[in-house]
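The values are calculated or read from the model by the stated rules, or taken from the named source; none is laboratory data. Predicted model, so just to flag it, every value in this text is computed and none were measured. FYI the Cβ positions are ideal-geometry reconstructions off the backbone, even for glycines, and counts take in every protein chain you see.
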Amino acid sequence: MTQPADDGTWGVARVRHLLRLEEGADADAFERKMLGEVFLRSDTQDADHAGDPALADHHLLLGESDFGSDYVWEVTMAYVMHHTATPTWLGNRVAKSFKDVSVEIGAFAQLVDTEVHVDVRRWRRRRGLDSDASVGR
């Protein structure tokens, strides 16, 4: 994944959608759908706060739980930082990016949880708390 210029304005968020495969759903078909279609169509870049579309980085991770097969769809989103590390519009963008593909995913799995995590180093630099030398690269 190409990283956005670290000029103090760009934040990087990691979004994790926990998806639980529906009982009887075809795991192979779900994985093919996610990797071959959903990742390609998922709009993770907001037009009002767009970064380089190449910055959208997707991963599908498989795990097992007491409930069966769980997947984590991890997306990396670049965004312009302003006065807060997690602006409201970033949360809205995360929700919209999932909603746009939820019908396709819903045929196979249900959304259990969504988490948004931001890059602390970039946020600290934005606030002027650290320089490159004080925290390493």
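Some observations on this one:
- Residue match in region 95-112 (condition: more than 21 Å from Leu21 (Cβ to Cβ), without any contact (Cβ under 8 Å) to a residue 60 or more places away in the chain and within 15 Å of the chain's Cα centre (by Cα)): yes
- Of the criteria (1) over 30 Å from Thr9 (Cα atoms); (2) in contact with a strand residue (DSSP E or B) (Cβ under 6 Å, 6 or more places away or on another chain); (3) aromatic (Phe, Trp, Tyr), which one Phe108 fails: (2)
- For region 4-18, filtered to residues that are crowded, with 19+ Cβ neighbours inside 10 Å and among the small types (Gly, Ala, Ser), the residue that is modelled with the highest pLDDT is Ala13.
- Single condition Ser134 does not satisfy, out of (1) assigned to a helix (DSSP H, G or I); (2) among the polar types (S, T, N, Q); (3) more than 14 Å from Ala13 (Cα to Cα); (4) at pLDDT 85 or above: (4)
- Count of residues meeting criterion [in a helix (DSSP H, G or I) and free of Cβ contacts under 8 Å to residues at least 24 places away in the same chain] in region 121-130: 2
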